[in-house]
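A short worksheet on the structure shown next.
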Amino acid sequence: MTASTSYRLSGDLKRRLAARAAAEGITETSLVVRTLDEGLRVAQYPGIVYRDGPSGRRAGLAGGPDVWEVILAIRHARGPGDAKVARAAEEMEIPERLARLAVDYAAAHPDEIEERIKLNDEAAERARALAAQRARLLGP
């Protein structure tokens with residue numbers, strides 16, 4: 001459910017908002033909502049950043065991998081609970097505290113992270129299928 005609200009913006013901020021929204025091909029309202037949502041999440045989870053890429057906008061660790069990548073590495077790491085976090089952090093060459101930050105963020109936003117993992121799995125499957133098709137075309 002949405003709620004209508006009104007804010008006063010400086011002329012310069014309004015112009016920058018309009019320019020950025022136009023550059024991204026989205027409405028100013030969409031940009032305001034996204035920026036506020038991400039800003040509040042960043043304030044709650046210092047060390048989390050948002051970045052654009054071929055697969056869309058996603059949460060990542062400042063100077064490090066995306067949150068979904070850390071979660072996937074933790075799932076595949078050997079050992080119980082906390083040991084998995086430590087092992088994944090070591091394998092990814094990131095501080096353990098950042099791996100724990102990724103876990104905290106993912107726990108608060110599980111649907112977002114699961115969707116990103118699903119998209120990655122689908123992209124990997126498409127790449128495998130394309131590689132197999134190329135191999136068939138090129139023959140032995």
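The values are calculated or read from the model by the stated rules, or taken from the named source; none is laboratory data. Quantities reported herein were computed from a predicted structural model and do not represent experimental measurements. Methodologically, a virtual Cβ is constructed for each residue, glycine included, from the backbone with ideal geometry; neighbour enumeration extends over all protein chains shown. We work out accessible area using only protein heavy atoms, side chains counted, and drop any ligands, DNA or RNA first. Shrake-Rupley method; radii C 1.70, N 1.55, O 1.52, S 1.80 Å.
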Measuring from the longest principal axis of the C-alpha atoms of the chain, the long axis of helix 81-92 (C-alpha) lies at a number of degrees, nearest 10, equal to 90
Whole-Å distance linking the alpha carbon centroid of segment 6-24 with that of segment 87-110 is 35
Measure of exposure for S10: accessible area at 1.4 Å probe, Å² rounded to 10, is 70
Put T2, T29 in order of accessible area, largest first, probe 1.4 Å, and you get T2, T29
In degrees rounded to 10, the 0-90 angle between helix 110-138 Cα long axis and the longest Cα principal axis of the chain is 50
The chain accessible area per residue, 1.4 Å probe, protein heavy atoms, integer Å², reads 69
Across A123, A77, A23, the residue with the highest GNM fluctuation in the chain (Cα network, 10 Å cutoff) is A23
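Add -39500 (n - 2.57) for each DSSP H run of 4 or more in the chain, then divide by its residues: what number comes out at 222 nm, to the nearest 500 deg cm²/dmol?
Helix contribution divided over all residues of the chain: -22500 deg cm²/dmol.
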Between L138 and E115, the FRET efficiency computed from the C-beta separation at R0 = 41 Å comes out, to the nearest 0.05, as 0.75
Expressed in square angstrom to the nearest 10, the accessible area of K14 with a 1.4 Å probe stands at 90
Of G79, G25, G39, the most mobile residue in a GNM of the chain (C-alpha springs, cutoff 10 Å) is G25
Binned at 5 Å from zero, the C-alpha pair distances of segment 74-140 give percents of 3, 16, 15, 17, 16, 10, 8, 7, 5, 2
Rounded to the nearest 10, the angle in degrees between the Cα long axis of helix 28-44 and the longest principal axis of the Cα atoms of the chain comes to 60
Per principal axis, largest first, the Cα atoms of the chain extend in Å by 63, 45, 30
Per GNM of the chain with C-alpha springs under 10 angstrom, the most fluctuating residue out of R41, R78, R20 is R20
